[in-house]
Amino acid sequence: MNAITPLQPEVLETQCEWAAEDVADPAAWTEQLDGAEVTELDAAIAHARAGMANMAEDFMRVGKADFPLPRLGVRLAAIERELIDGRGFVLIRGLPRERWTNDEMCLAYWGIGAHLGQPWPQNARGHLLGDVTDQGKSRDDPTVRGNELGLIGLDYHCDGSDLVGLMCLQTGVSGGLSAVCNSVSLHNRLVRERPEWAAELYKPQPYDFRGEQAPGRRPWYTTPVFTRHGDRLFVRLIRPYILASQRHADAPRLTDKAYQALEWMQAMAESNQYSVLMDFRPGDMQFINNYHVLHGRTAYADDRAAGKIRHLKRLWLYTDYLQDRPEHFTRRFAPHWSEKASISRLDVGA
């Protein structure tokens with residue numbers, strides 16, 4: 001099946017639309033683990049670790065079969081269906097952070113992720129399990145990525161996989177609320193109100209590679225913001241990367257319609273009409289469908305002297321539930337990243 005670039009965009013996947021009032025109650029999107037499920041996770045951690053000689057080297061070998069969750073696994077399968085065909089995001093709460101080490105937390109998170117999909121490299125270092133924490137980098141650095149920045153908030157955007165997961169190891173002093181926004185609702189409203197802008201975003205747009213392109217390759221790539229594949233909508237939107245592409249003289253120039261459409265998407269995402277904020281607690285896990293939900297965060301403050309440093313772990317997942325996707329959303333998108341598969345361990349020592 002080929003991706004469709006429509007001359008006249010259509011409203012898609014209305015069953016996945018929601019507005020802020022539809023998700024205002026956290027009970028609608030919070031899945032609380034019970035005691036039996038935590039006990040099952042304890043047993044799965046012990047099972048997975050039994051044959052490990054070295055955590056860093058053996059971690060990536062743990063798959064779904066190595067992390068048995070006979071009871072919780074059924075619930076995770078239902079969550080996966082909801083992520084793809086429904087609301088598009090979930091908060092899973094209840095990992096016992098107070099008694100699990102960082103290694104146990106990461107292994108539990110990895111194992112739960114294995115029941116939702118296969119890990120996908122997140123950067124040119126091949127990180128399959130990444131870190132989201134202040135790494136002391138400057139926002140002005142043309143190669144910096146959002147997960148490496150501290151203090152500031154992040155604009156609404158998508159990551160480069162089917163699903164993105166975040167697990168909270170530790171919170172900072174204040175702020176750092178996670179924000180999610182329904183991109184299906186934004187797409188459909190844009191189609192209804194400004195179809196010419198929607199049509200522009202169905203055309204390939206330039207993105208800055210942030211210095212992570214393959215050796216000898218150009219520092220930008222193109223992909224549409226909106227793609228129709230069958231009756232499904234796929235969204236890829238990182239507005240700062242699109243704008244940053246214009247620093248490369250050989251990158252395609254953004255049209256006036258593209259600028260206007262991107263500004264509209266940004267304004268609507270920040271309007272609070274189609275978004276909700278959530279406050280992570282240590283042990284919380286959030287999973288998002290990148291194609292239907294944008295995510296961002298509010299600004300936050302750390303206190304390094306007191307050891308209060310916001311630190312999340314991140315997974316990008318390729319789900320088997322979504323069996324067909326456009327070519328530019330396959331695992332072949334950045335093959336040079338896959339060659340260096342590794343685990344980022346900025347959490348070591350806790």
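Quick notes
- A search for C-beta distances below 8 Å between a residue of the range 77-92 that is in contact (Cβ under 8 Å) with a residue 40 or more places away in the chain and acidic (Asp, Glu) and any residue that is open to solvent by less than 10 Å² (accessible area, probe 1.4 Å) and in a helix (DSSP H, G or I), counting only pairs 6+ apart in sequence or on different chains, returns Glu80/Leu116; Asp85/Cys16.
- Matching residues in the range 199-250 - criterion: being crowded, with 19+ Cβ neighbours inside 10 Å, over 23 Å from the mean Cα position of the chain (by Cα) and among the small types (Gly, Ala, Ser): Ala199
- Odd one out for Thr227, checked against (1) touching a helix residue (DSSP H, G or I) at 6+ places or on another chain (Cβ under 7 Å); (2) among the polar types (S, T, N, Q); (3) in contact (Cβ under 8 Å) with a residue 60 or more places away in the chain: (1)
- Conditions (1) without any contact (Cβ under 8 Å) to a residue 60 or more places away in the chain; (2) assigned to a strand (DSSP E or B); (3) of a type outside the set (Ser, Thr, Tyr): number failed by Ala267: (2)
- All conditions in (1) over 22 Å from Leu346 (Cα atoms); (2) in a helix (DSSP H, G or I); (3) within 15 Å of the chain's Cα centre (by Cα) hold for Trp110, with the sole exception of (1).
- Test result for Met52, open to solvent by 50 Å² or more (accessible area, probe 1.4 Å), hydrophobic (A, V, I, L, M, F, W, C) and within 22 Å of Asp347 (Cα to Cα): no
- Across the range 170-195, the number of residues qualifying as open to solvent by 10 Å² or more (accessible area, probe 1.4 Å), touching a residue at least 60 places away in the same chain (Cβ under 8 Å) and farther than 20 Å from Arg236 by Cβ comes to 8.
- Residues of the range 74-97 satisfying the condition of being assigned to a loop (DSSP other than H, G, I, E, B) and of a type outside the set (A, V, I, L, M): Gly86, Arg87, Gly88, Gly94, Pro96, Arg97
- Every residue from the range 276-303 that is hydroxyl-bearing (Ser, Thr, Tyr) and surrounded by 23 or more Cβ atoms within 10 Å (Cβ to Cβ): Tyr291
- Scanning the range 315-332 for residues that are buried (at least 16 other Cβ atoms within 10 Å of the Cβ) and at pLDDT below 90 gives His328, Phe329.
- In the condition set (1) open to solvent by 40 Å² or more (accessible area, probe 1.4 Å); (2) free of Cβ contacts under 8 Å to residues at least 40 places away in the same chain, Lys64 is compliant with all but (2).
The values are calculated or read from the model by the stated rules, or taken from the named source; none is laboratory data. Fair warning: this is a prediction, and the values are worked out from it, not measured in the lab. FYI the Cβ positions are ideal-geometry reconstructions off the backbone, even for glycines, and counts take in every protein chain you see. SASA here: full protein model, heavy atoms, side chains in, ligands and nucleic acids out. Shrake-Rupley method; radii C 1.70, N 1.55, O 1.52, S 1.80 Å.
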